[in-house]
Amino acid sequence: MAGDDDQAVKLLGNKLSPYSYRVEWSLKLKGVDYEFIKEDFFNKSERLLHHNPVHKKLPVLIHNGKSLPESMIIVEYIDETWKHQPRLLPQDPYERAMARFWAKFFDEKCVPSIISVFSSVGEDQEDALKDAKENLKTLEKALKGKFFRRRRNGVCGHCCCLASILDWSHRRDTEFKAG
């Protein structure tokens with residue numbers, strides 16, 4: 001698309017998406033200037049369809065006219081492109097793999113269970129809340145003591161994951177009450 005092939009960094013996202021927020025945190029931690037372009041979850045823009053024709057989902061990072069989908073792929077790209085501190089992912093291969101593991105756990109277990117809390121009622125909501133609490137306790141136990149250990153361990157897998165879920169749930173509450 002015209003206008004996307006410059007050096008600017010653009011993020012196609014939505015403030016209610018924990019995945020978009022993960023990328024926002026990563027860009028902010030690295031001090032990268034970017035333009036946030038709000039996308040609608042339900043009415044996909046031509047821009048989004050052009051930049052993510054396979055999954056048609058958010059977020060999408062546009063840098064140097066090239067598009068990258070999927071939040072953790074984007075985080076890895078940010079860390080490899082802007083190599084200055086803080087590192088978002090650990091340098092050690094095992095620790096980096098574990099950060100990816102817990103990010104995937106967050107994506108596949110925590111987020112769906114939290115969404116279920118907001119989108120269900122009655123007994124289903126109680127079950128969803130139980131699952132969400134259990135998943136978050138598992139994540140908290142795994143990350144305990146690893147938040148800001150040594151700088152070389154990176155912060156993304158730990159900090160961005162938890163910060164995004166806290167801010168995302170706050171934004172959901174605030175925007176749904178306002179709307």
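The values are calculated or read from the model by the stated rules, or taken from the named source; none is laboratory data. All values reported here derive from a predicted model rather than from experimental measurement. Cβ coordinates were reconstructed from backbone atoms using ideal geometry, including for glycine residues, and neighbour counts include every protein chain displayed. Quick note on the areas: whole protein, heavy atoms, side chains included, nothing else; ligands and nucleic acids left out. Shrake-Rupley method; radii C 1.70, N 1.55, O 1.52, S 1.80 Å.
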- Task: Could you order VAL9, VAL54 by accessible surface area, starting with the largest, using a probe radius of 1.4 Å?
- Result: VAL54, VAL9
- Note on the structure: SASA check, LYS38, accessible area w/ 1.4 Å probe, all protein chains in place, rounded to nearest 10 Å², comes out at 140
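So if I take the alpha carbon set of segment 1-112, get Rg, then get Rh from the Kirkwood formula, what is the Rg over Rh ratio?
0.96
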- How much of the accessible area of segment 48-147, in percent, comes from carbon and sulfur atoms when a 1.4 Å probe is used? 55
- Message: If I take R0 = 41 Å and measure r between the Cβ atoms of LYS144 and VAL121 in this structure, what FRET efficiency does the formula 1/(1 + (r/R0)^6) give, to the nearest 0.05?
- Response: 0.80
